[in-house]
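What follows is a short report on a single structure.
The values are calculated or read from the model by the stated rules, or taken from the named source; none is laboratory data. Everything numeric in this text was worked out from a predicted model, so none of it was measured. Every residue, glycine as well, gets a Cβ built from its backbone with ideal geometry; the counts of neighbours run over all protein chains shown. Please note that ligands, DNA and RNA were not included when accessible areas were found on the heavy atoms of the full protein model with its side chains. Shrake-Rupley method; radii C 1.70, N 1.55, O 1.52, S 1.80 Å.
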Amino acid sequence: MRRRAGLLVLLPMLVLAACSSGTPAKSGPSPAPTSASPSVPAPVGSASPMPMVSGEFGKKATITLPGGQPSGQFVVSTVIEGDGATVNKGDWVTVNYTAKDWTTGKDVPSSYDPGAKPQLYQAGLGQLVPAFDQSVVGKKVGSRVLVVAPPATAFADNGNQQLGVGKNETVVFALDITQAVPQDSVVTGTPTTPPASMPQVKDNGKAAPTITIPSGEPAPTQLQTSVLITGDGKPVQSGQTLLVQYTGVLWSNGQQFDSSWTHGGAQALQVGNGSVIAGWDQGLIGKPVGSRVELVIPPALGYKDQAQNGIPANSTLVFVIDILEAV
């Protein structure tokens, strides 16, 4: 989702970006090129010669390159078969990766390196290089997938100077699929009732919850939070990318002005760095993944005296947010 009503941003998922000289280095597989790009070969299960991948799932893999030159084929091969859900097109997947440049034999920065993070992106929608985009569709969570990515499926003739990958080089990836979340996912559990002074929330299953503003209550001047369902995941940390479902209404009249359900389902955003309004940054950090959180956000932590699409100036905002994932 693009910045809607000044609130949420669909994060660029860029770790191995095929960027030109002078472009800042990013963290994540690159988006699909906007200009004409070489045609992507159909993936095959094996080719000769083949790299070898060893090591435990969930830890940095060891990639051993064979003698000889790459075949030029796009290889997608399951090294470890997981027993989790199957990744479908459009699912949000969380993937850790190890990589090696076959052409030079050098290691490529990995999500297992200190300070690096897993990648969270939607599978099969053409947003990332095919080495990531296409290779996880149809695989099971818990799988490790070996990908031999010829230039057309990786960085093509751009290369990536920041990563040390030259133009038209073949890159080998070991992808660990740790999570898959369908776009219509919501958190589950028995909701608790928020305080009477806060808006009441009716669960509607896999649909936007109904939010009812308390009659006669003045709009609060401080941020109010209520955890309606407490998740069992780790607490959200500043700077993480979250996957969320959410609905927002105005305190003044209960009118809905935004909801993830109206534009494709679960959305990815970052908290703690000013990418979203201050009420989200303050209200979501520290909440466990898997939680449903209600936030009542005064204007000072929302859009202040600036009107937005469907939001009058100086509006108090009410959100119900499902925290589905955090990386």
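Using only the heavy atoms of the protein chains and a 1.4 Å probe, how would 198, 52 rank by accessible area, largest first?
Output order, biggest surface exposure first: 52, 198.
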With labels modelled as points extended 7 Å from the Cα through the Cβ direction, what inter-label distance (nm, one decimal) is found for residue 238 paired with residue 263? 2.7
Kindly report, to the nearest 10 Å², the accessible surface of residue 78 as traced by a 1.4 Å probe over protein heavy atoms only. 50
Within the chain, longest stretch free of exposed GluC sites (Glu not before Pro) [DSSP loop, at most 12 other beta carbons within 10 Å]: 82-327
To the nearest 500 deg cm²/dmol, what mean residue ellipticity at 222 nm is calculated for the chain from DSSP H runs of n ≥ 4 alone, each contributing -39,500 (n - 2.57), summed and divided by the residues? -500 deg cm²/dmol
HN-Hα couplings for segment 160-172 via Karplus (6.51, -1.76, 1.60; θ = phi - 60°), in whole Hz with x for Gly/Pro, come out as 8, 5, 5, 9, x, 9, x, 5, 6, 9, 8, 10, 10
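Give the calculated FRET efficiency between residue 256 and residue 313 to the nearest 0.05, with a Förster radius of 22 Å applied to their Cβ-Cβ distance.
That pair, residue 256 with residue 313, gives E of 0.75.
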Report the accessible area of residue 140, computed with a 1.4 Å probe over the heavy atoms of all protein chains in place, in Å² rounded to the nearest 10. 80
Accessible-area value, residue 113, 1.4 Å probe, nucleic acids and ligands omitted, Å²: 50
Report for the chain the percent antiparallel among DSSP-assigned beta bridges with both residues inside it, nearest 5. 95
Can you give me the relative contact order of the chain as a percent, contacts being Cα pairs under 8 Å and 6 or more apart? 17
Can you give the accessible area per residue of segment 172-295, in Å², using a 1.4 Å probe? 41
Protein-only accessible surface order, largest first, of 213, 229 at 1.4 Å: 213, 229
Max mean-square fluctuation residue, GNM over the chain, Cα-Cα springs under 10 Å, options 248, 264, 90: 264
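If one computes P(r) from the Cα atoms of the chain, what percent of pairs lie at distances over 29 Å? Before the final figure, lay out each step's value.
Numbers: 22380 of 53301 pairs.
Looking at the chain, the distances longer than 29 Å represent 42 percent of pairs.
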Under unit Cβ charges (Lys, Arg +1; Asp, Glu -1), what dipole magnitude, rounded to 20 debye, does the chain have relative to its Cα centre? 240
If you roll a 1.4 Å probe over the chain with all protein chains in place, what percent of the accessible area is carbon or sulfur? 49
Listed residue pairs exceeding 32 Å between alpha carbons, taken from 202/287; 89/167; 139/167; 167/234; 100/206; 202/234: 167/234; 100/206
How much length would be gained if the chain were fully extended between residue 192 and residue 161, taking 0.36 nm per residue of separation minus their Cα-Cα distance, in nm to one decimal? 6.0 nm
Could you give the length gained by full extension between residue 202 and residue 83, i.e. 0.36 nm per residue of separation minus their alpha carbon distance, to one decimal place? 39.4 nm
